[in-house]
Amino acid sequence: MSDTTLNTPAWQDPMVSSGDSRGQRGKPDWTDILFFLILAVGAGYALSNYGSYMDYYEKLILCGAVVGFSWAAWLWRPLRALMVASGLSALFAIWLYSNGHGLAQGDITRAESVFFLKYLFSSQSAILWMCALFALATICYWVGFVSKTAAWMGTFLTWGAVYAGVTGLLVRWREGHLLGPDIGHIPVSNLYEVFVLFSLITALFYLYYERRYATRALGGFVLMVVTSAVVFLLWYSFTRDAYQIQPLVPALKSWWMKIHVPANFIGYGTFSLSAMVGFAYLIKEHGETRSRARLIPLFVLGAVLCAEPFIFGSREVSLTWMLYFGLGAIIVGTILAFRGPISRKLPSLEVLDDIMYRAIAVGFAFFTVATILGALWAADAWGTYWQWDPKETWALIVWLNYAAWLHMRLMKGLRGPMAAYWALGGLLVTSFAFLGVNMFLSGLHSYGEL
Amino acid sequence: MRFAVSLLMFICVASLIGTVLQQNQAPSTYVDRFGPFWFALFDKFSIWHIYNSWWFLLIMGFLVVSTSICLLRNAPKMIRDARSFREYVRGGSLRAFHHRVELASPLAPQEASGRIEQWLRSHGYKWKRREDDEGVLLAAKKGGANRLGYIFAHAAIVVICVGGLLDSELLLRLQVWLGDKHPITQNMMIADVPESGRLPAGNPSFRANMLVPDGSISGNAIVSLENGVLVQPLPFSIKLNKFDVEYYSTGMPSSFKSDVEVIDHDTGKTFNKVIEVNEPLRYKGITVYQSSFDDGGSKLELLGYPLHGSGEQTFDVEGVVGQAAKLPAAAGVSNVSVDLTGLRVINVENLDNGKEPQPKDVLQQVAAVTGSAAGAKNEHLRNVGPSVQYRVVDSNGQSYEFTNYMLPMQLDGSEVFLAGVRRSAAEPYRYMRIPADANHSVAEFMSLRAALNDPGMRAQAAERFAQANANDAAQRPLLQKAAEGALESFARGGFNEIVVKVPSAEREKVLGFAVPMIQLSLAELRDINRARNGLAPVDRSNPQAQQAAMRWTQTALLAFANLPDYPAPVFLSLKNFQQVQASVFQVARSPGKNIVYLGCIFLVLGVFSMFYIRDRRIWVWIRPQGQGSELLAAMTSQRRTLDFSREFERFKDAFKRLST
């Protein structure tokens, strides 16, 4: 009996932990190493040519990013294709902007005249493509309950949306610098940019779980929250011109932003994902029930959550608001009406519960780190690591909420509908911390005011 | 445990209140909001500064104690448990496990156990081997650090809370209480502060503010407590060489920098340092942060215009921001006092003229947001130049705040000066528009104001108005009288004065007649006044010039209509200034900071080891059975997740293969 027999996939199951054809996460093979080298060469190029524009910590973050991305790509190989494709597209866009005068040059107005920039690769066009693809993907996933092809299309379109979104953000980063050398900054500085980031992270985590648990039935649920974000994003750019790149306020000019914000949004993204999985759990749980009374809390909660971006988006009860709320109610109502067939397609309760737990655990870990990073940054920028600013306090409330959830689960074995309701309700808390604080409470974190 | 969780919930709710209710405002704000009864009640629980209230700190204290006790009680047990291999499990009891596998193998016990040990090693297990007369028991485990996660996470709560308590106002309050300190509530110079208003230089924990004007030096910071302040001496002084604000092309500030010289009191050593946002100065355990900026006593030269009577003698006022200004006798007002409160050298305003967004069709909408993310938003932002703020308090103690711009700006096609008034900082400014003259000043308007208040001039203007507008000679005196009366009322009290005696049903009609009349008379008055002042007649040679002249009169008319309500007897315009900026620093010594950071490290270690180190235990019991052996294995984990079931399946599979 040798080791080789042990390493052959002993256990055939659609759930493969690495998300690709590997049975187990093995040692990095040559493609992983090649990918690492590509990233390292890119970082090395940036360090040698633009090192003088970066401070010590920014260089450190760049090197850390190389390691981090290689590690993430090894954990889940499809990320490599995404990073390579988006990176090349962004480079193509930068080249188009440069008009052949070397990548360091560029003219922002070429976005109006060059075909590829105008319709595909300029940041706004790419982000709008992302929005459109996410919306289409959601529809496909729902149709996917009756058609396998449509479900496959859903996955395909979601990948497309993520690709477009990542490209858009990368190009946006460059466009900031084209506007003025002192204006450019990493695109995570205001509500518009982080909403794009939020959509991308949520979708990526979803795609990971989709692959890992070999089910497309959750796509419609998770992409619902992404589509809500997209609708908000569109409203925000059409009515408030929020897409325009603004220079940073002095407090944000720090390398801390590069790690604090993304870490936070991994938290927000996975928390939202777990909430939607919780919703699916409850649908599955009530799949065969005939009693309407038991569905009412789910319906109300679902409708409120659907409408939430708009509750936060407008200060008074407007027609749009009512329309959106009505639409949310109809969507949730329809899902509940078709709960029988939907629940038969959903994976088992055990799997849903596991995804929920995993998403919250990942989110919680990142949220903890993000909050700590925020405290460290605050100590530099505002003079106190913690001063009970509304955003900080709400971050603490979110943290305590999920800490309690995990505690109850790990210690008391909390399972079933209660855990699912709690995860779904957690979305209320999370989105208040994310959006509501910016809307209703004034404080130091008022970068993304509506 | 349950106690700690309910305490945490309580903290959660309390912090929630703290975010909804704005903290640390002036008590009067809360009285206004809640009324005196509720204010007094809420004040007992000091919900205006919840996070430093006695009960909040008490709960934190309880949390620390309860979590520590819990930790002390459970940690040794957990560690012992994590270290133990539990090799004294009876072989037979393994049958009680849910995840178990039992099979017979043709291999001899020694060989079987060898293979299994090899498998365990390759999968990162540590194990103990116990042999007795019945057979061999392998007790293996991995991921014991998972238990450390709990310990770390709970220790983190204690450590962070302790650090936080050290940095709260607790120590400060203790000092005030034990050291007989009294916060100062009235204005005084730092040098005059008595010993009871000074904190010791060795104060271990404080958070204070320090304002240093350009070129000045300061070695004391100010700690606010309750409604007063305490002086905190520092072991070093800071001299502000220069405070610098840099701006983006859009007019937004891009950085605040203070170039300072630090003078150590003990050694006399000095060094230079640039303090900016995100780049604090750390020296002798004290951190100095750039927190904001203020006026450090800029010198202002103002030109005053009287707003009452027919006098138009201007007067000069000189003063310093932050102090009272003396109005000269020439101003003719004695019963008001003027405080100069601010100078803003750069004012970036949106001069968009408030255009309503036009409805566009969907395609245009989409097209508008495609392409690059370059903004067109800032093209209406203009730096409209310096402005001065002052407060006028009349003899009744009524005070108003004013803001006047030094330069005119283009609004709705005409050049105007904005003069803002508000009752207090809680309100927005309401602006009056004063038309600018050919020299870009308010002089002509002010002169016209004097003329409007001069009965002789009004009569002349009314006469010329009647001459130009009467249809026949008989109507002329009537019209002249009407115009004179209207001008007189208008000068006294604006449009209100004209309609006050008219029944409300007819007001519209009267105004419809009076307003054009006043406007035309005002145009005449302007001509007369210009002639008197030796100025060239108003240019009305072409339609454009006529339009401009009419707009000027219209703007003046509206300004005059507002003047009777303007709550000051004088108008002060900014003539010249010499800016002195001041940098506001936050100065802090926080002994708990490193403790909190240590707690944060614990927390991260705890959280990650709790979720990502999986603990597993495997027991394998091997008994000889003829030539071969009989194998019984069981697997367990703290957490039975899907992952664990899958891992057990894999183990079972491998186990079967190993034993054949």
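What is the fewest-to-most order of A:PHE338, B:PHE655 by other Cβ atoms lying within 10 Å of their Cβ?
The fewest-first ordering by Cβ neighbours comes to A:PHE338, B:PHE655.
In whole angstrom, and with the biggest value first, how far do the Cα coordinates of chain A range along each principal axis?
Result, largest extent first: 70, 68, 47 Å.
Peptides A:178-191, B:303-316: what's the order by average Cβ count within 10 Å, highest mean first? Write down the numbers at each step before the final one.
Values: A:178-191: 19.0, B:303-316: 16.8.
Sorting A:178-191, B:303-316 by mean packing, highest first, produces A:178-191, B:303-316.
In terms of modelled amide H atoms, which long-range or inter-chain residues lie less than 5 Å from the amide H of B:SER254?
Amide H to amide H, under 5 Å and 5 or more residues apart or across chains, B:SER254 pairs with B:GLU246, B:TYR247, B:TYR248.
Taking Rh as the Kirkwood radius computed over C-alpha pairs, what is the Stokes-Einstein D of segment B:448-565 at 10 °C in a medium of viscosity 1.306 mPa s, expressed in µm² per second?
Taking Rh from Cα pairs, D becomes 109 µm²/s.
Starting from the Cα of B:ASP643, step 7 Å along the direction of its Cβ; do the same at B:ILE190; then give the gap between the two resulting points in nm.
Label at B:ASP643, label at B:ILE190, 5.7 nm between them.
Quick one: of A:LYS253/B:LYS299; A:LYS59/B:LYS242; B:LYS242/B:LYS593; B:LYS239/B:LYS575; A:LYS59/A:LYS258; A:LYS59/B:LYS593, which pairs are farther than 22 Å apart, Cα to Cα? Intermediate values should be presented prior to the final figure.
Numbers: A:LYS253/B:LYS299 33 Å; A:LYS59/B:LYS242 31 Å; B:LYS242/B:LYS593 30 Å; B:LYS239/B:LYS575 30 Å; A:LYS59/A:LYS258 12 Å; A:LYS59/B:LYS593 26 Å.
Over 22 Å Cα-Cα: A:LYS253/B:LYS299; A:LYS59/B:LYS242; B:LYS242/B:LYS593; B:LYS239/B:LYS575; A:LYS59/B:LYS593.
Within a 10 angstrom radius of the beta carbon, how do A:THR215, A:THR334 rank from fewest other beta carbons to most? Display every interim value, and only then the final one.
Working: A:THR215 21, A:THR334 12.
Lowest count first: A:THR334, A:THR215.
How would chain B be classified by its alpha-carbon gyration tensor: rounded, prolate or oblate, with rounded meaning a/c under 1.5 and the a/b versus b/c comparison settling the rest? Numbers along the way, then the final one.
Details: a/c = 3.46, a/b = 2.44, b/c = 1.42.
Cα axes put chain B in the prolate bin.
Within 10 Å of each Cβ in A:234-241, how many Cβ atoms from other chains are there, averaged over the peptide?
Mean shielding count: 3.
Using 1/(1 + (r/R0)^6) with R0 = 60 angstrom and r between the beta carbons of B:PHE34 and A:ASP55, what's the FRET efficiency to the nearest 0.05? Before the final figure, lay out each step's value.
Numbers: r = 49 Å, r/R0 = 0.81.
Efficiency for this residue pair is about 0.80.
Decide, for the protein assembly as shown, between rounded, prolate and oblate: order the square roots of the alpha carbon gyration tensor eigenvalues as a ≥ b ≥ c, take rounded if a/c falls under 1.5, and otherwise choose prolate if a/b is larger than b/c, else oblate.
prolate
Could you work out the longest stretch of chain A that avoids the GluC sites (Glu not before Pro) located in DSSP loops with at most 12 other Cβ atoms within 10 Å?
So the longest stretch without any such site is A:1-287.
Around B:PHE577, which amide H atoms from residues at least 5 apart in sequence, or from another chain, sit under 5 Å from its own amide H, with H modelled in the peptide plane?
HN-HN under 5 Å from B:PHE577: B:GLU301.
Would you tally the net charge around B:PRO233, using a Cβ to Cβ cut-off of less than 14 Å, leaving B:PRO233 out, and scoring K and R as +1, D and E as -1?
The answer is +1.
Any idea how far the Cα center of segment A:361-390 sits from the one of segment B:226-286, in Å?
Here the answer is 24 Å between Cα centres.
Averaged across A:376-385, how many Cβ atoms of other chains sit within 10 Å of each residue's Cβ atom?
Across the residues of A:376-385, the mean count of other-chain Cβ atoms within 10 Å is 6.
Let me have the 222 nm mean residue ellipticity of chain B computed from DSSP H runs of 4+ only, each contributing -39500 (n - 2.57), with the sum over all residues rounded to the nearest 500.
-13000 deg cm²/dmol
Helix B:145-167: angle to the longest alpha-carbon principal axis of chain B, degrees 0 to 90, nearest 10?
Tilt of helix B:145-167: around 30 degrees.
What does the highest-first list of B:538-549, B:203-214 look like by mean Cβ count within 10 Å? List each step's numbers first, then the result.
Details: B:538-549: 12.3, B:203-214: 19.8.
Packing proxy ranking, top to bottom: B:203-214, B:538-549.
³J(HN,Hα) across segment A:105-118 via Karplus (A = 6.51, B = -1.76, C = 1.60, θ = phi - 60°), whole Hz, x for Gly/Pro?
Going residue by residue, I get 8, x, 9, 5, 6, 5, 4, 7, 10, 7, 4, 5, 6, 4 Hz, with x marking Gly and Pro.
Looking at the square roots a ≥ b ≥ c of the eigenvalues of the Cα gyration tensor of segment A:175-243, which shape do they give, rounded for a/c under 1.5, prolate if a/b is larger than b/c, or oblate?
Values: a/c = 4.60, a/b = 1.91, b/c = 2.40.
Oblate, since a/c reaches 1.5 and b/c is not below a/b.
B:THR660 to A:SER291: FRET efficiency via 1/(1 + (r/R0)^6), r the Cβ-Cβ distance, R0 56 Å, to the nearest 0.05?
That gives a FRET efficiency of 0.60.
Enter the angle in degrees (range 0 to 90, nearest 10) between the Cα long axis of helix B:455-469 and the first principal axis of the Cα atoms of chain B, meaning the one along which they spread out most.
80
Rule-based calculations on the coordinates, nothing more; no lab input. What you see is a predicted model, and the numbers here were worked out from it, not measured in a lab. All Cβ positions, even for glycine, are placed from backbone atoms using ideal geometry, and neighbour counts span all protein chains on display.
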